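Since the structure comes first, as structure tokens, the remarks are kept for the end.
All of the numbers you see were taken from the coordinates with simple rules; none came from a lab. Please read all numbers here as calculations on a predicted model, not as lab measurements. All Cβ positions, glycine included, derive from the backbone under ideal geometry; neighbour counts span all protein chains shown.
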Amino acid sequence: MSTMMERYGTAMIKAFGTPQRVLVRGEGPYVWDAEGTRYLDLLGGIAVNALGHCHPRLVAAIAEQAATLMHVSNLFTTPQQIELAERLDALVGGGRHARTFLTNSGSEANEAALKITRLTGRHKIIAMEGSFHGRTLGALSLTATAKYRLPFEPLPAGVTWVPYGDADALAAALDDETAAVILEPIQGENGVVEPPAGYLQFAREQCDAHGALLWFDEVQTGMGRTGAWLESAAQGVQGDLVTFAKGLGGGFPIGACVAVGQAADLIQPGQHGTTFGGNPLASHAALTVLDIIESEGLLLHAERTGAWLASSIEAVGLPQIDHVRGRGLLRGVVLTEPISADIARRALERGFIVNAPRPDVLRLAPPLIVTTDDLQPFIDALPDLVA
Ligand code: PMP
């Protein structure tokens, strides 16, 4: 009988290379492979499993909704969709008029936002070097990484990239033909890169001066990941467009594009749509995630646990580790040598899941429910992992 890996390679169009393990079960911050080996999931499904794996309240809520009403067409609506949209509008709008479009993923949330920017009558977009916004053609047209884009050109035109965090370059690129500036409040795929203090505010002022929309991609940073509902709001700035996914469903596929102020009224009924986006099952899952983040105090927990994680890693005092950056439980361990892939491989052998977004950066994005007790064995193993 062929192995799971052989069957995978035959059956599937691979997203990356061959998967590292076949995972069969999860509980809290841990997952188990087909051989019964347990791993501490320090990556949280890449910032998705906010509540850890199989949180009992989320599992029960999904089962209950599945047994009540799983899907309706978008010719109808359900209380779950309306309630989720109201929650997101309030979170992002902060008192201003806002509206939400629900999707299945981060890429689709960005597609919706990109279509909204087109309805301004302008089509020029300024994005950031090092950005990642997804792999569907519209989202890909915003993503900076050339190797992702080049095989698929021509892509939608009009995008220019400026160095992330460079105020002068942003000011020079923006003009009165610019529809929007899109940026991640912390760049995730680029290796957890933070902008300089005041940069988001500067972008806000520049967009206002030129009548351009400010668009925050919070797909990776949002929903508690950095210890705040929105990392942009934590940095004191409100966007006109904010996109979410990943942690929003805690593992259930759902994304959202929230539009504030005038941007909220640009799309007219009939101009955009989706069959599944935010169906009652997905919306109920997301509402439950938001409730649990609130009732379990996970924003503060993520902020404190993330600070402990960063300082504990630095305190080991290893020469291969320069410093730890990021906020809350979105962290990049900056290395002095290009050894992140080796560390990630050794970590997996020792029962820790981490990833290597750049040769000199390890990314950590554990579930928001992770405790210092769960994390301590990783700290203890670090000298062996880097050596
Ligand atoms: N935006 C950002 C900032 C992301 O990190 C990602 C996924 N890594 C996406 C968009 C795309 O999301 P999805 O994979 O759900 O389409």
Amide H within-cut-off set for Asp322, under 5 Å, with H built and near neighbours excluded: Val334, Leu335, Thr336
In Å, the C-alpha Rg and Dmax of region 94-178 are 13.8, 43
Could you go through region 231-240 in sequence order and give the Karplus-derived ³J(HN,Hα) for each residue, using 6.51 cos²θ - 1.76 cosθ + 1.60 with θ = phi - 60°, rounded to whole Hz, and x for Gly and Pro? 5, 5, 5, 4, 8, x, 10, 9, x, 8
Counting Lys and Arg as +1 and Asp and Glu as -1, what is the net charge of the other residues whose Cβ lies under 14 Å from the Cβ of Trp229? -2
Given charges at beta-carbon only (K, R positive; D, E negative), |dipole| of the chain in Debye: 740
Who wins for biggest fluctuation among Thr120, Thr37, Thr103 in a Gaussian network model of the chain, springs between alpha carbons below 10 Å? Thr37
Can you list the HN-Hα couplings for region 351-366, worked out from phi with the Karplus curve (6.51, -1.76, 1.60; θ = phi - 60°), rounded to whole Hz and with x for Gly and Pro? x, 10, 9, 9, 9, 10, x, 9, x, 10, 9, 9, 9, 10, 8, x
Could you tell me how far the Cα centroid of region 308-336 sits from the Cα centroid of region 225-253, in Å? 23
Taking θ as phi - 60°, what are the ³J(HN,Hα) couplings along region 264-278 by the Karplus curve (6.51, -1.76, 1.60), each to the nearest whole Hz, with x for Gly and Pro? 5, 10, 6, 7, 9, x, x, 7, 8, x, 7, 6, 9, x, x
Select from Val370, Leu266, Leu23 the residue farthest towards the positive end of the dipole of the chain; place +1 on Cβ of Lys and Arg, -1 on Cβ of Asp and Glu, and compute about the Cα centre. Leu23
So, relative contact order of region 69-295 in percent, Cα under 8 Å, 6 or more apart, is 28
Ignoring trypsin sites (Lys or Arg not before Pro) that are buried or in helix or strand per DSSP, and keeping those with at most 16 other beta carbon atoms within 10 Å, what is the longest stretch of the chain between them? 136-349
Dividing the convex hull volume of the alpha carbon atoms of region 144-244 by its residue count, what do you get in Å³ per residue? 104
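Using alpha carbons only, what's the Rg to Rh ratio of the chain with Rh from Kirkwood?
0.96
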Would you please give the residues with an amide H less than 5 Å from that of Gly250, counting only those at least 5 places away or on a separate chain, with H modeled from the backbone geometry? Ala50
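Rounded to a whole number, what is D in µm²/s for region 69-295 from Stokes-Einstein with the Kirkwood radius over alpha-carbon pairs (37 °C, 0.692 mPa s)?
Value of D from the Cα-based Kirkwood radius: 188 µm²/s.
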Let me check the size of region 227-309 from its C-alpha atoms; what are the radius of gyration and Dmax in Å? 15.1, 49
